[in-house]
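The values are calculated or read from the model by the stated rules, or taken from the named source; none is laboratory data. Just so it is clear, the model here is predicted, and its values are computed rather than measured. Counting neighbours? That spans all protein chains shown, and the Cβs are built from the backbone with ideal geometry, glycine included. Protein only, heavy atoms only, side chains kept; ligands, DNA and RNA dropped before computing areas. Shrake-Rupley method; radii C 1.70, N 1.55, O 1.52, S 1.80 Å.
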Amino acid sequence: MSVIAPKFRLGYFLKGIFDNAFWILTLVTLAGIPTIQIALFLIPLPVINGQLLTAYLAFTWLFNPTMQIPLIKALLYSDLFRIAAFPGFGFAALIAAGTIFVERKMLAKLQLRVGPFYCGKIEGILQLVADGLKLISKEIIIPAKADKPLFWAAPVLFVGTAAAFVALIPVAPGGWVVADLDVGLLAVFAVIGFFPIITILSAWSANSKFPFIGGIRALHQMVSFEIPLILSLLGVVILTGTLNLSEIVESQSSFPWIIFMPIGAIVFFITVLAELERIPFDLPEAESEIVAGWLTEFSGMIYGLVQLGSYLKLYAFAALFVIIFLGGWTGPVFWPPLDVELITEGIPIPNYVGDPILTVTTPGLPLLDKDPNEWVMQQQGELVYTSGQLLVSGVIWFVLKTVGVIFFILLPRGVFPRIRLDMLLHIGWYKLIGLSFVNIFIALGLVYAGVIGPGGIL
Amino acid sequence: MSTSETTPPPKEIPPPKAAPPEKTKPPVPAFEKSYVDQITNQFSDDVEVEYIKENRTRVNVKKEKIAEVAKFIKDNTPFDHAESVTGVDFPEDKEIGVIYHLGSYTDPTYSKQVLALATRVPREENPNPGNDSTKLQSLRDMFYSVEFHEREIFEMLGVYFEGHPDNRRLLLPEDWADLPPLRKDFKNRGR
Amino acid sequence: MAEQVIPTKKMPPGLQVENVDDRIMTLNVGPQHPGSGHMRIIVKIDGDYIVDADPDPGYVHRGEEKMAESRNYITNIPHLERPVIHDSCNILYPYILGVEDLVGIEVPERAKYVRVIAAELNRCIYIQYWLAIYGIFLGHSTMFMWPTGDRELLIDLMEKITGARVTHAYFIPGGVRNDVPANFEDVCLRQVNYFEKRIKEYADIFYDNPILKARTEDTGVLSREDAIRLGTTGSVLRASGVDYDLRIKEPYDVYDELDVHTNVLKEGDSYARSKIPWLDMLESCNIIRQALEKMPKSGSIRKKLKPNPKGRNDEVYHRVESGRGSAGCHIISREKPEPYRLKLSVSSFRNLIALPYLLKGEKLGNMPAVYWSLNYWPVEADR
Amino acid sequence: MADALFLAISILTIGSAIAALEMRSLVYGSIALMGTLGGIAGFYVMLDSTFVAMFQLAVYVGSIAVLILFTVMLVKRELIFKKIEDPKRKFAGIGLMLIVILALGAIIMDSGIKTITTDSDPVDFREIGGDFLTYYWPALILMALILAGSVMGALVLARREDTVENEQ
């Protein structure tokens, strides 16, 4: 192994660098800048302080201290921020990375593993980065007789579908959700339905036996567990009378639905384990039977993408459990309710030197200001509480609950062995479907008894 | 690896039958003698008792009669399984010995006993496993557990077992084209 | 079964499928497969059912028996323990007994007890390793980590006795290689007691686990008659209800002076086969404690052996109960320093015959459970 | 914007429908069929009925397409890639399609559906759900029971088949 190629010549090396620089400059000038300008032309720009934000103004205000806060605020309320950062991809990816970290540490504690305890400097956080770098730098090997377009498309589609799932999850009051659909829950079902297709297509496209068996297993598992998954959530829909996920959360301001439908929650949790291929149900990846199942032929960043997608999916399912059964971002509130003035304008404090205003500001991620809609909605009597009345910001409650659910999803990995395919199908078709019907009948009974639901006493 | 040249094998190994030292032997154990006597009474000419020691006995059988003797043992004595099948090369005698070690699980009084059922088959200088005279009847129908052992003997010593359904190679590669490696004229490299 | 003539051209067995129905898929499980070990199982599946299984060992064949013919009785010791390095004392035991028989040497009483202790410790070490792999084969990663962790205790103990962590080469004709350290009794008792406490916890997480029971019970059932007919041995045999343990049936060294119990289960399924080794470990702890109590506190540890001993013109066949079952050693000796023929009759090779028999008709998901419950060690089968 | 979107979705739907018919590989054909069904869901979204669109996605793209894919993959491998080249049949099919399109278009144009205008709000799915839960509750319970019964029946049937298979 020689470090420098035997035909190395400095002149060729420099020429290569200059060539590259030349082509990059040319492409940026001819293609990059026009693209940016077209994009700026199409994107609706916000109005800040009565001025339409143009690209020129944005660059100017970046260095103007008084205008930076409004600029950032405008950025926070833009769609791009929602998709890329807070309720969308970035937030979910952060939680997914945390999940991997927690999984390693917890399993190390449980199983006497020594590696994760002594790994790295700062509790082994850099291990995640190292893993990611390793996956990126590895060669992507495609089987010789694979169906190449599908083989490439499947991981990308997997991540895309997982991200679409994440986009439907509201994480904070006031519409902090990427896609606030009226039929959010139905959209969730529609998105979940895509996973089996992607799995079976990628398994088929690898043109190998073990991925194919794994794909067929995944298909069996996902299809047979999708039905109890949908049925177990119908009880909540009957009680709330809405399919919008934010409204489902707001309906739980007094009590979470898990109190009334524990059966549905249990069924949903088990189906989530199966849909995520976590350990009692990880048959599609059973390494002692079928090498790695439908992931066998994946290598390098393709594998990394599938892993990223599956952890995004893990976050999304845990968040869905929190939203539907555990009350989402609702937490303990001040009781009796605070004065409206305290929340909105602040109350002057007598005999106090300095800033004489006492206000309740909102900790949490929508840090800078309260959503203007919220105040309006409260005036219209639609909201029982505002975020200002929460002890802690709703986002923190949401994250805490989600992490708790993720913990319970990870926990069986240390406790249970893998089950067999016929046992899995037996559980799915015989037990869980029956239990979810029981759950629906409980919900209907509550509705017709007039206890709860549309026009109920609670 | 090895060559199938026709150099005579080294002379220093004495054949086992050639050295029966007539010493004062220990008394023959009665229990072991009883079941060996069953066999010798049945096949008087075809079998020969090699030794009767405590818990260990050995009976040499002619190779044509091995299946009959094995069937008799299976039917009339508590020996119900074969523990081990050893193949030994005797280039001096131009013979290959096959020794079946039989044991018993069903009868607790026989649980210490190991009956060695031995036979010899002719050996050829240029072996062609499966197609030469080095053949023996398989005991698989009597003692099912010899199946893999006989496959191993076949590949290691070139003894073809007639009546064995699956005379493929087991441990060696499928394309092994050399001498059967446990024969004495297969030389270890560097030795 | 019809007689099969040897084909003139050897085909790899995986390619021998002719005129097979399209429903049947052939899977090469191994040798590069996380669920096969150092061997290949050619599995034909119809849907989820295995219709045919053909084990193909030989990927780690070392030719130990051929090697033994050109080395003398002493230099044979280190390489004959290689087949099962985790169980090196027990795999060496029958050879040592046979050589002692051939050269006619008596073993001191203390050495016999040390041998029994080392053999039982080594049996626990092997079974822990086996159990770890059984756990990970069933997807139970905790059961992979716990036995590998607890195994270190006994490995440290064996290191104190023999000086080596895995390949001990501890038994020699006429005794053992070196004496145990000074405070060995206390250390060994403490370690073994803690070890027993630990392995009793395995029942909570593994053997009483409802999913494990539902998964492995009634799978791969080997009846008593079939276990005898197939000539299986060790834990496979005892899980099928045959009470046969060589430590009791044919006691060697000092096992007849100790109170040894054997564990027999009637079911013969994968669960019973996997439970027997665990019960054996608990029994081993008992044996070690008894041996420590009865062991002479001082005395010779080995008989002086004349250099390069020659055997007599005879053949011997000795058996011991190893971690997997009966391990036999058949030595044909001439009046020479090296054996004329040495045959290791090992339990893995004997139990392998049950694998195709058990796998036929099972589900594919049961394959690892059935395969590894046979207590099969591929390297030992290949020798 | 809406017109452009409509055009794009139309091209996607019709193009993938043609592709679904013309693809040689059955797997790619079924993927194109998924595109068609997804395009129809896009039309529903444009018509402000997201409820139906989501059902279209969940049922047709999510479930029916999986069934089709599953069936296709169980077909022999040669059949998946078998070429069916018959120009006569191809042109006959195209002609038949044109005739049907023209006939349907004429009927629609003639029926006066274009001139219908209505200002009433589209029916919200909430109202349908509310009606189901209040006024039509016996029907809902009946439907639920029939669904439960049919699932149980299917399970019993499947079980019987399963045991028969095991006996073999």
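Annotation: per residue accessible area for chain C equals 33 Å², rounded to a whole number [probe 1.4 Å, protein chains only]. For B:Tyr51, nonlocal amide neighbours, meaning residues 5 or more places apart or on other chains whose placed amide H falls under 5 Å from its own, are B:Arg58.
Taking 0.36 nm per residue of separation and subtracting the current Cα-Cα distance, fully stretching the chain between A:Phe407 and A:Ile259 would add 51.2 nm. Backbone amide hydrogens, once placed in the peptide plane, bring B:Glu83 within less than 5 Å of B:His101, B:Leu102, B:Gly103, excluding anything fewer than 5 places away on its chain.
Surface burial for C against D, with a 1.4 Å probe and both sides summed, reaches about 200 Å² of accessible area.
Peptide C:218-228 is shielded by partner chain Cβ atoms: per residue, an average of 1 of them sit within 10 Å of its Cβ. Inter-chain neighbour count for B:55-68: the average number of beta-carbon atoms from partner chains within 10 Å of each residue's beta-carbon is 1.
Buried surface for the C/A pair, taken as the accessible area of each chain alone minus that of the pair with a 1.4 Å probe, is close to 2500 Å² in total. Helical content alone sets the calculated 222 nm signal of the protein assembly as shown at -15500 deg cm²/dmol, taking -39,500 (n - 2.57) per DSSP H segment of four or more residues and averaging over every residue.
Which entries of A:Lys145/C:Lys363; B:Lys187/C:Lys310; A:Lys209/C:Lys363; B:Lys74/C:Lys44 have Cα-Cα distances beyond 25 Å here? Over 25 Å Cα-Cα: A:Lys145/C:Lys363; B:Lys74/C:Lys44.
Quick one: grab the alpha carbon gyration tensor of segment A:65-105, order the square roots of its eigenvalues as a ≥ b ≥ c, and give me rounded if a/c is under 1.5, else prolate or oblate depending on whether a/b is larger than b/c. Since a/c reaches 1.5 but b/c is at least a/b, the shape of segment A:65-105 is classed as oblate.
A crude spin-label estimate for the pair A:Phe22 and D:Lys88, with each label 7 Å from Cα along the Cβ direction, gives 6.2 nm. Of the peptides C:221-227, C:35-41, the ranking by mean beta-carbon count within 10 Å, highest at the top, reads C:35-41, C:221-227. A Förster distance of 60 Å, applied to the separation of the beta-carbon atoms of D:Met23 and B:Asn188, puts the FRET efficiency at 0.45. Among the listed pairs B:Lys65/B:Lys135; A:Lys148/D:Lys88; C:Lys197/C:Lys249; C:Lys112/C:Lys294; A:Lys105/A:Lys313; A:Lys121/A:Lys401, which have their C-alpha atoms separated by more than 23 angstrom in this model? Beyond 23 Å between Cα atoms: A:Lys148/D:Lys88; C:Lys197/C:Lys249; A:Lys121/A:Lys401. Based on C-alpha pairs under 8 angstrom that are at least 6 apart in sequence, chain B has a relative contact order of 21 percent. Here's the picture: a label point sits 7 Å out from the Cα of D:Ser63 along the beta-carbon direction, and within segment D:124-156 the residues with their amide nitrogen under 17 Å of it are D:143-155. Packing order of peptides C:118-124, C:314-320, C:49-55, A:127-133, highest average first: C:118-124, C:314-320, C:49-55, A:127-133 (average count of other Cβ atoms within 10 Å over each peptide's residues).
Please tell me the relative contact order of segment A:68-192 in percent, rounded to the nearest whole number, where contacts are Cα pairs under 8 Å and at least six residues apart.
Values: 71 pairs, mean separation 34.6, N = 125.
It rounds to 28 percent for segment A:68-192.
In a DSSP loop and with at most 16 other Cβ atoms within 10 Å, the GluC sites (Glu not before Pro) in segment A:95-183 are A:Glu123, A:Glu139. Bridges between two residues of segment B:26-162, per DSSP, are antiparallel at a rate of about 70%. Interface residues of segment C:124-139, defined as those with an accessible-area decrease of at least 10 Å² between the chain by itself and the complete set of protein chains (probe 1.4 Å), are C:Ile136, C:Phe137, C:Leu138, C:Gly139.
The spread of Cα positions in segment B:26-162, taken along each principal axis and listed from longest to shortest, comes to 45, 29, 23 Å.
Leaving ligands, DNA and RNA out of it, rank C:Glu321, B:Glu95 by accessible area with a 1.4 Å probe, largest first.
B:Glu95, C:Glu321
For the pair segment B:166-191 and segment C:223-293, the centres of their Cα atoms are 36 angstrom apart. For segment A:17-35 versus segment A:219-239, the inter-centroid distance based on Cα atoms is 52 Å. Using a 1.4 Å probe over protein heavy atoms, the accessible area lost on pairing D with A, summed over both chains, comes to approximately 3000 Å².
Roughly to the nearest percent, how much of the accessible area of chain C is carbon and sulfur, given a 1.4 Å probe? Reported share for carbon and sulfur atoms: 51 percent.
From most to least packed by mean Cβ count within 10 Å, the peptides A:73-79, A:218-224, C:152-158, C:134-140 give C:134-140, A:218-224, C:152-158, A:73-79. Applying 0.36 nm per residue to the separation of A:Phe13 and A:Asn64 and subtracting their alpha-carbon distance, the gain on full extension is 14.0 nm. Averaged over the residues of C:310-318, the number of partner chain Cβ atoms lying within 10 Å of the residue Cβ comes to 4. What the phi angles of segment C:113-118 give under the Karplus curve with 6.51, -1.76 and 1.60, with θ = phi - 60°, is a coupling list of 5, 4, 4, 4, 5, 5 Hz, glycine and proline written as x.
Rounded to whole numbers, the Karplus 3J(HN,Hα) couplings from phi for segment C:90-98 are 6, 6, 8, 4, x, 5, 5, 4, x Hz, using 6.51 cos²θ - 1.76 cosθ + 1.60 with θ = phi - 60°, and x at Gly and Pro. Remark: segment C:249-264, residue by residue, has Karplus-estimated 3J(HN,Hα) of 6, 9, x, 10, 6, 10, 5, 6, 8, 9, 8, 9, 10, 10, 10, 10 Hz, where x stands for each Gly or Pro and the curve is 6.51 cos²θ - 1.76 cosθ + 1.60 at θ = phi - 60°.
Selection among A:Leu185, A:Leu80, C:Pro356 by position relative to the dipole of the protein assembly as shown gives C:Pro356 as farthest towards the positive end (Cβ unit charges, Cα centre). With the alpha-carbon atoms of the protein assembly as shown aligned to their principal axes, the span from lowest to highest coordinate is 122, 92, 84 Å, starting with the largest. Taking label points 7 Å from Cα along the Cα-to-Cβ direction, C:Lys200 and A:Ile43 give a separation of 6.8 nm. For chain C, averaging the sequence separation of C-alpha pairs within contact (under 8 Å, six or more residues apart) and dividing by the residue count gives a relative contact order of 25 percent.
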